[in-house]
Amino acid sequence: MSKLRIALAVSIVLNLFLAGALASGYLTLRSGTRMINAGSLRIAGAELPAGVRRPFRAALRETRRSMRPTIDAARAAKAQAALLLRQPAFDQAATLAALDRARAADLAVRAALERRAVAYAASLSPAERATLADAMKRRSVRVPPAPE
């Protein structure tokens, strides 16, 4: 009987752990705080009140949609640079030119997102702008990862 009690206790502990994990996962998904592939401004906007946060994110999402050709051009330039790096006859100038195009496109997207975020921030109350500013400041002083 003692082996049965041990097995029952282990089963109860494992089931409680599983139930907690499922509940935690459900609450995380329901909270709406998921930020996959999120930029710094979007992460900073996560601390805004829900009624302001959703339109803020929608504005950034719309800006990214409008910049889709530029995003695609950056990806294509990076892919071209990777192809050039694989060539037996390495063309340094062409590789650098492809990376320059990718960087310029990335910066154009970032600038468009920042302009849109600032335009949206103009419609916020001073307290909401302060919340956004505090979150951006915290993001700017993050500790960089350790070198490999």
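The values are calculated or read from the model by the stated rules, or taken from the named source; none is laboratory data. Keep in mind the model is a prediction, meaning the values are calculated, not measured. Neighbour counts run over all protein chains shown; Cβ positions are idealised from the backbone, glycine included. Only protein heavy atoms, including side chains, enter the accessible area calculation; ligands, DNA and RNA are left aside. Shrake-Rupley method; radii C 1.70, N 1.55, O 1.52, S 1.80 Å.
The figures follow:
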| read-out | value |
| --- | --- |
| Criterion violated by Gln80 - all others in (1) of a type outside the set (Asp, Glu); (2) at pLDDT 90 or above; (3) touching a Ser or Thr at 6+ places or on another chain (Cβ under 8 Å) satisfied | (3) |
| Residue tally, condition open to solvent by less than 90 Å² (accessible area, probe 1.4 Å) and part of a helix (DSSP H, G or I), over the stretch 78-95 | 8 |
| Condition met for Glu148 (closer than 14 Å to Gly45 by Cα and either assigned to a helix (DSSP H, G or I) or at pLDDT below 80 (or both)) | no |
| Residues that are touching a helix residue (DSSP H, G or I) at 6+ places or on another chain (Cβ under 9 Å), part of a helix (DSSP H, G or I) and at pLDDT 85 or above, drawn from the stretch 53-67 | Pro55, Phe56, Arg57, Ala59, Leu60, Arg61, Glu62, Thr63, Arg64, Ser66 |
| Tally of residues being in contact (Cβ under 8 Å) with a residue 40 or more places away in the chain, among the hydrophobic types (A, V, I, L, M, F, W, C) and within 22 Å of Val52 (Cβ to Cβ) across the stretch 73-118 | 3 |
